[in-house]
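Novice: Provided herewith is a single structure, encoded as structure tokens, for subsequent inquiry.
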Amino acid sequence: MEKYVIRGGKKLSGEVVISGAKNAVVAILAASILSDEPCVIENIPNISDVTIILQILAEMGANVRMVNKTTVEIDPTTLKNVPVPYEKAKLMRASSYFLGTLLGRFCEAHVSMPGGCNLGDRPIDQHLKCFAALGASYTIEGGMVNLTAERLVGNQIFFDKNSVGATINAIMAASKADGLTIIENAAKEPHVVDLANFLNSMGADILGAGTDVIKIRGVKRLHGTTYCVIPDQIEAGTFMAVAAATKSDILIKNVIPKHLEPITRKLVKIGVKVEQFDDAVRVVGGDDYVGTTVKTQPHPGFPTDMQPQMAAVLTCAKGASMVTESIFDNRFRYVDELRRMGANISVEGRVAVIEGVDRLKGAPVKATDLRAGAALIVAALGAEGTTEIYDIFHVERGYENMELKLRGLGADICKVDEPDPAEAEKPLRKAL
Ligand code: EPZ
């Protein structure tokens with residue numbers, strides 16, 4: 001079982017290059033199924049969610065070839081209309097994208113109910129609503145979602161809830177439907193726009209991605225393309241939080257500053273300096289920060305995927321801070337772990353109140369999900385003493401070479417593989 005061992009309290013320096021966006025690439029790889037020709041996708045991060053999706057595509061018969069470390073060629077023409085492998089699909093939320101893309105390609109899809117980070121209730125009713133609006137019927141049996149349609153016909157879709165995944169699924173299925181689809185209350189995240197741009201580069205007809213209303217005229221066929229995935233807004237934001245927590249001066253390269261604005265605004269408000277360049281930001285941590293309020297919102301509001309990392313910075317800000325999580329039911333599972341490090345946080349429903357303390361202290365902690373793990377890394381780097389972070393497989397789902405990138409900034413972090421204590425107990429139990 002692998003863990004990170006971090007000796008905190010060091011000032012960092014230098015520069016870090018951000019990888020391709022996890023939440024864009026998982027949608028784009030799935031959407032490649034809609035093409036009638038091979039696609040080349042560049043700037044893909046080497047993370048486990050991407051590995052799983054590429055394995056799923058290959059197991060379903062697509063021809064998947066790594067051109068280099070960050071570029072993959074996918075020839076979906078040999079893909080078969082078969083169920084998505086259950087054991088792999090149930091591991092991540094992004095497997096829900098195979099519903100929209102297979103429906104768009106074959107008018108049929110059989111995919112397990114999605115998995116992913118445990119953030120409370122994560123239904124798929126809005127996804128099913130958009131598929132039904134386009135003419136599909138569905139059943140849910142044995143953990144599988146089964147979609148079938150005679151044909152897909154464009155329609156008006158109004159989402160009761162702002163949903164990134166449902167918006168992406170609606171765009172993919174509608175791209176091959178007959179006629180016009182209008183999506184209202186659409187999600188506006190950068191990765192929604194990136195997916196639309198990818199499909200348009202293949203000959204789709206999508207207008208308005210990034211706004212509340214997206215119009216899609218279905219097309220009969222989509223041709224191949226070469227497409228470069230946008231940089232990861234949340235990885236960049238995580239390194240901004242690292243600079244703040246360690247009071248360091250760090251240059252973060254390969255970013256789109258516009259995507260970082262909600263994060264930049266909050267960090268500047270507490271006392272961090274941020275300088276923007278064309279494709280980089282320089283973040284200079286201060287000696288002390290003032291508490292603030294953070295409320296997560298759909299883009300362009302403060303991203304929920306940065307909520308734990310921001311809370312980790314606020315644990316040592318002067319005064320009280322209030323963090324409201326308005327997207328997910330329970331995205332505070334990391335709070336208990338921060339308390340082990342001396343954080344003073346109380347949680348009531350979707351609101352966490354953080355009383356700033358002078359310094360956190362290293363402790364053994366456990367990543368409960370992807371961004372919770374990122375928050376513990378931020379906290380550990382700023383803390384006094386040594387922190388061990390267990391269950392780092394969560395972190396490696398969404399961050400490429402995290403310990404190498406941090407070591408490149410001078411952080412004292414290493415990845416250690418040690419026997420799982422539960423495994424170690426087994427012989428003892430047998431002996432008793
Ligand atoms: C995507 O999840 C991201 N995952 C999440 O990132 C991110 O936190 C989330 O969008 C919000 O930005 C990927 O892109 C793979 P939603 P998704 O549908 O699509 C409710 C990370 O850390 N809802 O926008 O599942 C839902 O329960 C991960 O990178 C319904 O009620 O999020 C939630 O409360 C974590 N019915 C809210 O909407 C539905 O049918 C937003 O969910 C769908 C969603």
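Novice: Using a simple spin-label model with points 7 Å from Cα along the Cα→Cβ vector, what separation in nm is obtained for Met66 and Thr211?
Specialist: The answer from the label model is 4.1 nm.
Novice: I've got another one for you. Report the gain in length on full extension from Ser48 to Thr139: 0.36 nm times residue separation, minus Cα-Cα distance, nm rounded to one decimal.
Specialist: 29.8 nm
Novice: In addition: Round to the nearest 10 and give me the degree value, 0 to 90, for the angle of helix 48-59's Cα axis relative to the longest principal axis of the chain.
Specialist: Its long axis makes an angle of about 20 degrees.
Novice: Still on this structure, I have one more. Take the cross-link list Lys3/Lys405; Lys88/Lys253; Lys69/Lys247 and give me the ones stretching past 25 Å between alpha-carbons.
Specialist: Pairs exceeding the cut-off: Lys88/Lys253; Lys69/Lys247.
Novice: With +1 on each Lys and Arg Cβ and -1 on each Asp and Glu Cβ, and nothing else charged, work out how big the dipole of the chain is about its Cα centre, in Debye to the nearest 20.
Specialist: Dipole of the chain, to the nearest 20 debye: 380 debye.
Novice: Rounded, prolate or oblate for region 281-376? Axes are the square roots of the Cα gyration tensor eigenvalues, ordered a ≥ b ≥ c, and the cut-off for rounded is a/c under 1.5.
Specialist: rounded
Novice: According to a simple spin-label model (label point 7 Å from Cα along Cα-to-Cβ), what is the distance in nm between Asp121 and Asp279?
Specialist: The modelled label-to-label distance comes out at 4.4 nm.
Novice: Still on this model: Taking the Cβ of each residue in Thr246, Thr264, Thr51 as the centre, tally the other Cβ atoms inside 10 Å and list the residues starting with the fewest.
Specialist: Neighbour counts put them in this order, fewest first: Thr51, Thr264, Thr246.
Novice: To continue, here is another question. Quick one: length gained pulling Met1 to Asp287 fully straight, 0.36 nm per residue minus the C-alpha distance?
Specialist: That pair, Met1 and Asp287, stretches by 99.3 nm at full extension.
Novice: Another question, if that's okay. Out of Ser96, Ala58, Gly20, whose Cα points farthest toward the positive end of the dipole of region 1-129 (charges: +1 Lys, Arg; -1 Asp, Glu; placed on Cβ)?
Specialist: Gly20
Novice: So if I take the centroid of the Cα atoms in region 57-126 and the same for region 250-273, what is the distance between those two points in Å?
Specialist: 33
Novice: Could I ask something else about it? Just to be sure I understand the model, the point goes 7 Å from the Cα along the line to the Cβ. What's the resulting Val416 to Glu384 distance in nm?
Specialist: Simple spin-label model gives 2.1 nm for this pair.
None of the figures in this text is laboratory data; all of them are computed from the coordinates on show. Bear in mind the structure is a predicted one, so any value in this text is a computation, not a measurement. Don't worry about glycine lacking a Cβ; one is built from the backbone with ideal geometry, like all the others, and counts go over all protein chains shown.
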